[in-house]
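Every read-out reported here was derived from the displayed coordinates using simple, explicitly stated rules and does not represent laboratory data. Since this is a predicted model, take the numbers as computed values, not measurements. So basically every Cβ, Gly included, is an ideal-geometry build from the backbone, and we count neighbours across all protein chains shown.
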Ligand code: SAH
């Protein structure tokens with residue numbers, strides 16, 4: 001679990017790449033500059049940790065591309081102390097970015113293997129989600145609702161109603177919607193019954209699957 005000057009230098013370059021690609025949120029860039037992404041990946045891929053690409057992790061899943069993580073986090077507009085729900089814990093990298101920014105984080109993963117691995121790993125780096133849950137993100141987390149923000153890190157074929165219902169008024173759901181290609185979609189809750197919808201271009205994610213595994 002080493003973080004060397006070489007890794008730090010590579011991270012600095014990655015941050016420059018992300019700002020060139022249009023990421024402007026300073027907190028997001030700072031978090032990515034700080035978090036040792038190579039430690040979230042299987043050792044064989046360490047050399048690739050700081051290029052702006054997605055990579056395979058356990059259980060046929062991927063660690064999202066840094067640009068995607070940055071863009072989704074920027075769209076979520078997280079403030080320190082915000083109560084955030086993440087669907088798709090995966091490697092825990094997106095979770096670390098949210099925690100680094102000061103979110104109070106609840107995160108759900110449906111693959112038991114990944115859930116167990118990440119639950120042990122994140123605290124080793126000092127990242128402590130309020131709760132890490134093995135469960136099905138389609139139903140959200142009613143017991144802890146409402147949330148200031150909900151972020152879905154897998155491609156959703158449709159927008160699950162429970163996620164909209166579990167937002168505070170003023171809260172945001174950031175969710176890639178679609179089957180083969182996803183449109184990054186943001187829902188802002190205006191009132192109990194009204195939502196404003198915005199779209200932010202095409203992305204590609206592994207699918208949001210039903211039930212636990
Ligand atoms: N945020 C992760 C991205 C992992 S890829 C990271 O930074 O590494 C998407 C993750 O969503 C996978 O780990 C996958 O197992 C998980 N997933 C898919 N469907 C899910 C569901 N219904 N509920 C919770 N997690 C789900």
Practice prompt. May I ask for the angle, rounded to the nearest 10°, between helix 112-124 and the longest principal axis of the chain, with both axes built from Cα atoms and the value confined to 0 to 90°?
Written response: 60 degrees
Worksheet item: Which peptide among 29-36, 201-208, 186-193, 63-70 comes first, and what is the full order, when sorted by highest mean count of other Cβ atoms within 10 Å?
Response: 63-70, 29-36, 201-208, 186-193
Worksheet entry | Cβ crowding within 10 Å averaged over residues, with 123-135, 164-176 ranked highest first | 164-176, 123-135
Practice prompt. Take the Cα atoms of the range 1-61, find their three principal axes, and give me the spread along each one in whole Å, biggest first.
Written response: 32, 26, 16
Worksheet, complete the sentence: Quick calc: nm separation of the 7 Å Cα→Cβ label points for residue 192 and residue 130 -> 2.3 nm
Response to the item:
Gyration tensor (Cα only) of the chain to equivalent ellipsoid, semi-axes in Å sorted down, yields 26, 19, 16
Worksheet, complete the sentence: Relative contact order as a percentage, the range 5-203, C-alpha pairs under 8 Å and 6+ apart, gives 14 percent
Item to complete: Quick one: angle between helix 66-76 and the longest Cα principal axis of the chain, in degrees between 0 and 90, rounded to 10, please.
Response: 30 degrees
